[in-house]
Each structure stands twice: as structure tokens, then as C-alpha cells.
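K.L.:
Quick one: the structure is below, questions incoming.
Readers should treat all values here as calculations from the given coordinates under stated rules, not as data from a laboratory. What you are looking at is a predicted structure, and each value in this text was computed from that prediction instead of being measured. Here Cβ is always computed from backbone atoms with ideal geometry, including for glycine, and neighbour counts include all displayed protein chains.
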Amino acid sequence: MKKLITIILILAMLLPAAALADIPDISDLSFDELVQLRDQLNLAIWSSQEWQEVTVPIGVWKIGEDIPVGKWTISAASDNPNVGTYIYYCKKLDATGMEASWEGSVPFYQSIENEADGGGWYPTSIDIECQEGMYLIVKEGPAMFKPFSGKPDLGFH
């Protein structure tokens, strides 16, 4: 019986090592290569069927590089009832690279209220069709991205 338990313990210790043997060695990659690999992994994770939602921090994000192309439902991600989220969706950035450019096209802007506020002046979520090469700017508080699941049935039959 002791031999059987010993063999099972040895096999249990070897299985994780065997599973890791298929992962490529990334120790020789440069910083830039690691960042590129991370970005590719993030896009692959977002595109998988198992993925449900992700919190996007405050910042400027390029569609197709940082955020996958597609239709997303976006809501405020903060637990603080007084923190909403501001979403800008635009074609160009201004000279600072941190704000939407009003030159040549008018960017989309929407304030999103935190669900804890109970809804009021602003919606608690919005749906955006994110297109390749556009920019999405998240301000004031983080945003929660979920795959768009369709419009609700209004009951007209």
C-alpha cells in the first residue's frame, strides 16, 4: 500500500511539470517582445468563449490592439457609488495623445453612472460597436466590458 501511495504522489508531482513542458520558453525575449506577447495573449483571451467580462482601467486604448474589434456593453466598474465612468470613442487623438481630437470628426462621449447610484441622469451601461483603428478613452473610473448580448425584447408581437 505504501508503494502505491508513493507512486501516486510521484505521478502527481510530475503531471504539472509535464503540462508546463508545452509552454514555450520566453526567458530570452526582450521587454518589447514580452509586451507584444502579452497584448496578443490578452486579445486571444478576450476572444475566447469562456471569457465573460473584464475591467478596463482609466486610460487611452486603441481598438484592434488593446481592445478587440466588436460590439461591447460597457458599464462603470467602480464599487464606489459616487464614481461614474466617462467614455470617449473617437477616430483621432489630440496632440497630447490623451484626449479625443475634435478636428475632422466629432467623437462620441457618454457618462455612465455606477449601478450603486441607482440610475438617474445617465445610463448605467452603453453598447458600442468598436471598429479597428478607433480609440476608446476611459476617464474618472474604470469600465467593465462584456460581450454584447443583444437588445432586450420590447414585447412587440
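K.L.:
Segment 105-149: which GluC sites (Glu not before Pro) are DSSP loop and have at most 16 other beta-carbon atoms within 10 angstrom?
P.N.:
Here the sparse-neighbourhood loop sites are Glu132, Glu140.
K.L.:
Still on this model: Under a Cβ-Cβ cut-off of 10 Å, what is the net charge of the residues other than Gly59 that fall near it, where Lys and Arg count +1 and Asp and Glu count -1? Could you put the intermediate results ahead of the total?
P.N.:
Details: positive: Lys139; negative: Asp66.
Around Gly59, the charge tally is 0.
K.L.:
Subtract the Cα-Cα distance of Glu115 and Ile23 from 0.36 nm times their separation in residues, and report this length gain in nm to one decimal.
P.N.:
29.1 nm
K.L.:
Using the basic label-point model (7 angstrom from Cα toward the beta carbon), what is the Asp32 to Glu140 distance in nanometres?
P.N.:
Rounded to a tenth, the inter-label distance reads 3.8 nm.
K.L.:
About the Cα centre, and with charges only on the beta carbon of Lys, Arg (+1) and Asp, Glu (-1), how big is the dipole of segment 53-147? Nearest 20 debye, please. If you can, show how the numbers build up before the last one.
P.N.:
Values: 6 positive and 14 negative charges, 38 e Å.
It comes to approximately 180 debye.
K.L.:
Quote the FRET efficiency, to the nearest 0.05, computed for Thr73 versus Ala44 with a Förster distance R0 of 22 Å and r equal to the Cβ-Cβ distance.
P.N.:
0.60
K.L.:
Additional query: Provide the net charge surrounding Glu33, with neighbours chosen by a C-beta distance below 14 Å and charges set as Lys +1, Arg +1, Asp -1, Glu -1.
P.N.:
After counting each charged neighbour, the total is -3.
K.L.:
Taking R0 as 30 Å, what FRET efficiency do you get between Trp102 and Glu53 from their Cβ-Cβ distance, rounded to the nearest 0.05? Intermediate values should be presented prior to the final figure.
P.N.:
On the way: r = 31 Å, r/R0 = 1.04.
With R0 = 30 Å, the Cβ-Cβ based efficiency is 0.45.
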